[in-house]
Structures are given as C-alpha cells and as structure tokens.
Amino acid sequence: MLVLCTAACVMTDRPSESVEGLRYVALGDSYTIGTSVAEVERWPNQLVDRLDGALVLVANLGVNGYSSDDLIRFELPELASLDPGFVTVQIGVNDVVRRVRESTYLANVELILDALLTRLPADRILAVATPDYTITPMGATFGSPALQTAALVRFNEILREAAGERGIAFIPEIYELSQRAATDASLTAADGLHPSGAHYALWVDAIQPAVEGLVAAP
C-alpha cells in the first residue's frame, strides 16, 4: 500500500548523494523509455550525459503503453529498493489514448506526486509535459487529431497545476517542441510515431537548465 502525503508534510531531509551524483530514477511511458531509439538517445540518458556527473541514472522505469494507473501500480513500488535522490515524471499520453476521465487522471497525478513527496523534497522531483503525437505520420490512427490535441493540452495543464501546487518544477516546452516534427521528418523515429534521438536532444535543451538549478539547490 502506498503511503500518501500532502504538500504540508513534504520530506525535509536531503536525499543521499554519492560521489558520482544523485541517484536518478525516471518514471513514465514510451517517451521516457525511448521507444524506437537507442538507449543512449533516450532523453533521460542524454540528460545525464549533459550534466557531467550530477546525476547517475540507476533506473529508467518507463514502459511503452503505460498510463498513470500503470505507473502507480508498477513503477512507484520500485522506488523503495532504488533509493532515488532525484526523480522525473512524464505520464499522460496513454491516459489520453484510453480516454481516461480528467478527474481520474487528476486523482492519479496527485497520488503519484504525493507519494514521491514522502521520499523526496519537491526540489528533487521534476514533472515533464507530454508531447503532441497527433502531428506524426501515425498520430491520426489514434482518433480525431483535434480531440486528441485538446485532451493533451488539458492533461498537461492538469499535471502542471498539480506540480505547481506542491512546489514541483514542470517543463511545459516539450509540447511546443514536439510540434516541430510536423515539418521536420528527422524529429520522428522510424516507427512514425515516437521522437527521434535528435528530437529528444531538443527536449534536453529545455530540461537541462531546470535540473541544473534543482540539483545545485542547497
């Protein structure tokens, strides 16, 4: 059973840090695990490489097709043995695809963030927006692009608001960056749906400054 916590009972102890850097665990779905790209091209891997030892990626728990409910059931329980000092969360695309209710997604996001706050202070957690997959060659196979896009925007806003209420940083630029793939084929992986390694590099351009500020915090 998960032990939940409100923003008022956020952990204040600093997570342990090795001589190599903070132990980093990435939570998410296909975008986090980097479906259709090499391991070194996944954005968590590129982020660690850019930060030159500030983070050590001990686990990427992202799974292709996972929703927020799957993250709760299968990824959160892994944190006890992994002892992370820094965590990123990117989840929501499959909630949109499965037409999960906004209220259900909100409840799941709140549970996820509150569970993380029982282990880490807010400045050791980072929430990342979901990209717009509707502009990719395979994007239209998931239903009306207009309806899917509207849902993505709304779910990103739900995650942003929930993170902000808890003092957790949020990276919104991912959504806008993903739209460049509409006119640049090099930003889409060979499967016609997921980002390429070059696309993930653009994400890291946006994520890196925020993480540098967080890991440097006293």
What is the Cα radius of gyration of segment 46-175 over 2.2 N^0.38 Å, N being its residue count?
1.06
Whole-percent carbon and sulfur contribution to the accessible surface of segment 104-190 (1.4 Å, no ligands, DNA or RNA) stands at 57
Rough spin-label spacing in nm, given labels placed 7 Å along Cα→Cβ, for Glu212 and Arg101
4.4
Can you tell me the accessible area per residue over the chain, all protein chains present, probe 1.4 angstrom, in square angstrom?
43
Dipole magnitude (debye, nearest 20) for the chain, charges at Cβ of Lys, Arg, Asp, Glu:
340
Quick check: convex hull over the Cα atoms of the chain, volume per residue in Å³, rounded to an integer?
106
Return one number: the angle in degrees, 0 to 90 and rounded to the nearest 10, between the long axis of the Cα atoms of helix 102-117 and the longest principal axis of the Cα atoms of the chain.
30
At 222 nm, what value in deg cm²/dmol follows for the chain if DSSP H runs of at least 4 each add -39500 (n - 2.57) and the sum is divided by all its residues, to the nearest 500?
-11500 deg cm²/dmol
Accessible area (Å², 1.4 Å probe, nearest 10) - Leu57
50
Which semi-axis lengths, in whole Å and largest first, follow from the square roots of five times the eigenvalues of the Cα gyration tensor of segment 119-174?
28, 11, 7
When Lys and Arg each count +1 and Asp and Glu each count -1, what net charge do the other residues less than 10 Å away from Val63, Cβ to Cβ, add up to?
-3
By how many degrees, between 0 and 90 and to the nearest 10, does the Cα long axis of helix 145-165 differ from the longest principal axis of the chain?
10
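The values are calculated or read from the model by the stated rules, or taken from the named source; none is laboratory data. In this text the structure is predicted, and so the values were computed from the model without any measurement. A quick note on method: Cβ atoms are made from the backbone with ideal geometry, for glycine too, and the neighbour counts reach across all protein chains shown. Areas reflect the complete protein model, heavy atoms only, side chains present, ligands, DNA and RNA absent. Shrake-Rupley method; radii C 1.70, N 1.55, O 1.52, S 1.80 Å.
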